[in-house]
Each structure stands twice: as C-alpha cells, then as structure tokens.
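> Let me begin by handing over the structure; questions about it come next.
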Amino acid sequence: MHDEAKVKRSTMPKDTGYNDPFHVACIMDGNGRWAQQRGRRRLVGHYVGAQRVRDIVKACPDAGVTHLTIFAFSTENWKRTQSEVGGLMRLFRRYIIHEAKALLEAGVRVRFIGDRIRLEDTLVSLMDELELLTAGNSKLHLTIAINYGGRDEVTRAAQRLAVEIEQGRLTHKDVDAECLARFLDTRFLPDPDLVIRTSGEARISNFLLWQSAYAEYEFIDTLWPDFTPEEFNRVVSRFGKRERRFGGVTA
Ligand code: IPE
Ligand code: IPE
Ligand code: MG
C-alpha cells in the first residue's frame with residue numbers, strides 16, 4: 001500500500017465497522033469503442049472487458065484496496081439493442097459461473113447492488129448463490145452494480161423509508177443522512193474514496209451519486225479493455241498525492 005494514500009483515504013466512511021477501508025469504484029467504459037476500432041461486434045469488447053475485471057480484482061489487495069465497486073450495467077443501458085442487452089446478461093451469468101471458485105479461493109466477498117426486479121430469475125439466482133458462497137470472505141469486498149442507477153437507488157430508498165414511516169416504525173424526525181443511507185443498496189459499504197472512469201468521458205452517468213459526495217475522481221483516456229493492473233496502480237498512487245479537505249481548510 002502506498003503510505004500517502006493510506007493517510008488520505010476513507011475520512012468519511014459510514015459506520016460500517018471496517019478498519020481502515022480504501023474503496024475504489026470503477027465506471028468501466030469503452031468496451032464498445034474498443035471492439036468497433038477493431039471491426040468487431042460490441043459484445044467482443046464486453047467479453048475482453050470482463051477479463052480486465054479479473055486482472056483488476058487480483059491487483060486490489062497489493063494496491064491496498066479493500067473495497068472495489070464496478071459499474072457493469074446501468075438503469076439506462078436497457079436502451080441498447082436487444083442483442084447487446086441479451087449478450088451482456090449472458091456475459092454476467094457466465095462470469096458468475098466461471099469466476100465463482102476463483103473468487104472464493106482468493107478471499108473475495110461478492111455483493112451486488114442495483115434493482116434486481118428487472119433481471120432474469122436465472123441471473124438473480126446466480127447472484128444470490130455467489131453472495132452466499134463468498135459471504136465468509138473479507139480480503140476484498142467486490143460489489144458489482146447491475147441495473148444500478150444512483151437516482152433509482154435513492155428513489156427506492158425513499159419508498160422504503162416512506163413505508164417505515166407509514167407503518168409507524170420511524171417518524172420524519174428520524175430521517176437524517178445517516179438514516180437514509182441505511183436504506184440505500186450500499187448500506188454495507190464505506191463511501192468510495194476514488195472513482196475511476198475509463199474511456200475519456202468526464203461524466204458520472206448516474207453512478208453512486210449519494211455516496212460520491214467527497215470522492216476523488218480520475219477520468220482516464222484508456223478504454224476499459226486496455227486498462228491494465230499497472231495503470232490501475234498508477235492511478236491509485238496518484239490518489240495519495242491529492243489533498244482531501246471535506247469542506248474544511250488545511251492546517
Ligand atoms: C461500458 O462500455 C460497458 C457498459 C455500459 C455495459 P460501453 O459499452 O459503454 O462502451 P462504449 O462507451 O460504447 O465504448
Ligand atoms: C456507464 O457507461 C455505465 C456503465 C459503465 C455500466 P455508459 O456508456 O452507459 O454511459 P454514457 O451513456 O456514456 O453516459
Ligand atoms: Mg459507454
């Protein structure tokens with residue numbers, strides 16, 4: 001772990017009980033362009049992108065990353081062609097089936113965020129099984145966002161909160177930021193310290209809106225299928241050189 005990064009990270013985690021967390025979140029963008037540049041179908045880019053996930057997951061423990069959250073499919077990605085959406089869902093099933101054993105053995109705990117309601121039952125069952133299978137692990141907390149959108153997540157949280165109030169278990173006076181955060185999909189996660197987006201786009205596309213209030217951002221030009229553990233390590237060490245103030249001033 002880079003010492004400087006260690007000092008700067010996770011100054012505002014939620015009370016999740018983790019000691020010294022370092023949470024990196026990735027918007028894995030550029031798979032389609034990577035494939036198109038090679039005259040291949042977009043799905044080829046997604047398959048190569050999935051291999052990069054494997055490499056980055058492996059690189060996390062040595063980089064001092066305790067939590068890795070990856071954006072795999074947004075609530076807006078349903079707008080894509082049926083064949084791309086179907087191909088991505090197939091890829092998620094395959095990824096879970098093929099990676100389960102390796103993730104278990106590597107000490108990775110996997111969890112999913114996003115609304116499962118629109119996902120096929122077979123995929124949801126695989127997601128549940130992988131969460132259960134790896135529940136005892138703690139070397140790396142890998143969170144995969146599928147059918148995830150920040151606004152959708154906050155909306156669903158507000159609905160659940162409203163039910164609690166309607167049924168008398170909470171009153172409006174109980175509602176503060178900490179209370180609301182307990183209704184989010186990410187209730188088990190510290191806030192992200194660093195959000196990396198590949199592919200040169202400098203936008204967040206509805207990813208972890210609430211949680212990234214004080215995250216540092218890195219927008220890098222590399223397309224996700226070309227993103228190597230070496231570059232990941234470089235980006236993580238740059239994070240250590242940034243000054244985080246959380247609204248205060250430097251002494
Ligand atoms: C990101 O790559 C992966 C998903 C959104 C599923 P894209 O598919 O968005 O790739 P580009 O941005 O079109 O190159
Ligand atoms: C964000 O990428 C979503 C994922 C990486 C899963 P998009 O490619 O969907 O985002 P936009 O359309 O460029 O904003
Ligand atoms: Mg994209």
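Readers should treat all values here as calculations from the given coordinates under stated rules, not as data from a laboratory. Every value quoted in this text rests on a predicted model; they were computed, and no experiment measured them. Note that we place each Cβ from the backbone using ideal geometry, even for glycine, and neighbour counts take in every protein chain shown.
> Looking only at the stretch 214-251, count every residue that is without any contact (Cβ under 8 Å) to a residue 40 or more places away in the chain, on the phi < 0 side of the Ramachandran plot and either within 16 Å of ligand 2 (Cβ to nearest atom) or in a loop (DSSP other than H, G, I, E, B) (or both) and tell me the total.
Adding up the residues that qualify gives 10.
> Enumerate the pairs (first residue in the stretch 106-118 and at positive phi; second residue anywhere and of a type in the set (A, V, I, L, M, F, W, C)) with beta-carbon separation below 6 Å, excluding pairs fewer than 6 apart on the same chain, so at least 6 apart or on different chains.
Correct list of pairs: G114/A145; G114/I146.
> Check off (1) out of contact with any helix residue (DSSP H, G or I) (no Cβ under 7 Å at 6 or more places or on another chain); (2) buried (at least 17 other Cβ atoms within 10 Å of the Cβ) for A202 and give me the number that stays unchecked.
(2)
> Determine the pairs where a residue that is touching a residue at least 24 places away in the same chain (Cβ under 8 Å) and within 12 Å of ligand 3 (Cβ to nearest atom), located within the stretch 72-91, has a partner that is basic (K, R) and assigned to a helix (DSSP H, G or I) with Cβ atoms under 7 Å apart, the partner being 6 or more residues away or on another chain.
E84/R42
> Let me ask something else. Please verify whether T134 is under 19 Å from the mean Cα position of the chain (by Cα) and not hydrophobic (A, V, I, L, M, F, W, C), treating the condition exactly as stated. Show your work before the answer.
On the way: under 19 Å from the mean Cα position of the chain (by Cα): yes; not hydrophobic (A, V, I, L, M, F, W, C): yes.
When the stated conditions are applied, T134 passes them.
> A follow-up question, please. If a residue has to be more than 16 Å from ligand 1 (Cβ to nearest atom), outside any loop (DSSP other than H, G, I, E, B), within 17 Å of A215 (Cβ to Cβ) and under 19 Å from the mean Cα position of the chain (by Cα) to count, how many in the stretch 152-201 make the cut?
Taking the stretch 152-201 first, the residues more than 16 Å from ligand 1 (Cβ to nearest atom) are 153-194.
Still in the running and outside any loop (DSSP other than H, G, I, E, B): 153-166, 172-174, 177-181, 194.
From what is left, the residues that are within 17 Å of A215 (Cβ to Cβ) are 153-154, 177, 181, 194.
Cutting the leftovers down to under 19 Å from the mean Cα position of the chain (by Cα) gives us 153-154, 181, 194.
Total satisfying the criteria: 4.
> Within the group R90, R80, which residue is of a type in the set (K, R) and more than 13 Å from ligand 2 (Cβ to nearest atom)? Steps first, answer last, please.
Details: R80 fails: more than 13 Å from ligand 2 (Cβ to nearest atom).
Just one listed residue meets the conditions, R90.
> Okay, moving on. Quick test of your reading of the structure: L161 fulfils all but one of (1) crowded, with 22+ Cβ neighbours inside 10 Å; (2) in contact with a Cys (Cβ under 9 Å, 6 or more places away or on another chain). Name the failing condition by number.
Unmet for L161, out of (1) crowded, with 22+ Cβ neighbours inside 10 Å; (2) in contact with a Cys (Cβ under 9 Å, 6 or more places away or on another chain): (1).
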